[in-house]
Amino acid sequence: MTGTRTTRRQFLNSAAAIVTYFVLPIGFNIVTSAIPSLHGAQPWIDPGTAQMQLFGGGWLTGEEWAQLATTTLLWIGVPLALGAVRVLRAEVK
């Protein structure tokens, strides 16, 4: 039981969550850039690659909008949903 509590405390650590939120995309970018077979998945997983099209100044295609929506859902929607569940399940003190 103590192992579960320790893991839960680490998961609820705000500082670790913030660092992870910024480090994971960089790690995904490095991994997907280094492995040639992941180049096709990179725009769907890596937020930097998906958002790069916004700064190009041109119009986005339908596929680029889908890639942007997918990465936004993955990197903003999923953490938001997990945080909402965490807050709703927390004990009121």
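None of the figures in this text is laboratory data; all of them are computed from the coordinates on show. Computed from a predicted model, the values in this text were never measured in an experiment. Every residue, glycine among them, receives a Cβ derived from its backbone with ideal geometry; neighbour counts consider all protein chains shown.
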Using the eigenvalues of the Cα gyration tensor, what equivalent ellipsoid semi-axes result for the chain when each is taken as the square root of five times the eigenvalue, whole Å, largest first? 32, 17, 10
For Leu60, which sequence-distant residues (separation of 5 or more, or a different chain) have an amide H within less than 5 Å of its own amide H, given hydrogens modelled in the peptide plane? none
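Explain nothing, just the number: dipole magnitude of the chain about its Cα centre with +1 on each Lys and Arg Cβ and -1 on each Asp and Glu Cβ, in debye rounded to the nearest 20. Intermediate values should be presented prior to the final figure.
Numbers: 6 positive and 4 negative charges, 147 e Å.
So the dipole magnitude of the chain works out to roughly 700 debye.
Can you list the DSSP H helices in the chain whose Cα atoms extend at least 18 Å along the helix axis and whose mean Kyte-Doolittle hydropathy is -1.0 or higher? Mind dumping the intermediate values first?
Numbers: long enough: 14-34 (30 Å, 1.57).
What comes out of the filter, once short or polar helices are dropped, is 14-34.
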Could you tell me the relative contact order of the chain? Use alpha-carbon pairs under 8 Å, at least six residues apart, and round to a whole percent. 18 percent
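Taking R0 as 25 Å, what's the FRET efficiency between His39 and Leu82 from their Cβ-Cβ distance, rounded to 0.05? Don't jump to the answer; show the numbers that get you there.
Working: r = 29 Å, r/R0 = 1.15.
Computed FRET efficiency for His39 and Leu82: 0.30.
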